[in-house]
Amino acid sequence: MLSAPDLAQSTIDDIAISSESVALINTKALTTSPKDPSPLQALRTQERQQSDEVISLESEHKSIARHHREYIRQLRQIQEDLIKIKADFETKAAEYQTIVEANNQLVLQMNQISQTRSEKVALLEETRRSIESLTTIVICAYENGTIEPLEKTSGFELDESGSDARYTDLLSRAECEDLRLKDIRILSRMLSIVHNTTRRVEPVFENTSLEPFFQTLQAI
């Protein structure tokens, strides 16, 4: 049996040992905890990381979704614009086709009118030629030497070419021996005018005595 002093000492030693054991355990726990976490701590750390990643992905998803909705809105607007453009195009295309068809009709009408006009012009020219062939142009020869149509006739010109040669020829003819030189000149000019035209003409002399000479010389 231990005495009181021995028992007290034993108790003190036991308490010291227990304190050292607790301190050793705490020191071990503090030194080994960061290097060797428990499964629960590891899972909590992993959970926090995963939660942060999910939150980050959700934020990124929301941002992309906003852009996506904006693009969808723009696409719908463009689609509406295209539908309107298509409708406008179809309207213009219909108007274009209508105008083309109407213009084609005008072209046909112009061609028909041009053809009819050409036929009418040909008939008109033929009628005018017929009128000319049946119209007698009265040509007056005056004593002063002037020779001109009684009435102005469109397209008719007095052509006296060759009158000088006729004048020379008439001077040597017996039929003209009793005529004055100016009368012979008038006759040569009138004979040339009648010879050079295809129109029907009727010479009229102010000096009526020249008419029989003209008829005789024209027959030669």
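Details
- For Val201, the residues whose amide H sits under 5 Å from its own are Ile137, ignoring neighbours fewer than 5 places away on the same chain, with H placed 1.01 Å from N.
- Across the stretch 105-120, coupling constants 3J(HN,Hα) worked out from phi with the 6.51/-1.76/1.60 Karplus curve, θ = phi - 60°, read 5, 5, 4, 4, 5, 4, 5, 5, 5, 4, 5, 4, 4, 4, 5, 5 Hz, and Gly and Pro carry x.
- All Cα-Cα distances of the stretch 136-219, cut into 10 Å bins from zero to the largest, leave 17, 56, 24, 2 percent in each bin in turn.
Every number here is computed from the coordinates shown, using simple stated rules; none is lab data. A quick note: this is a predicted structure, and the numbers were derived from the prediction, not measured.
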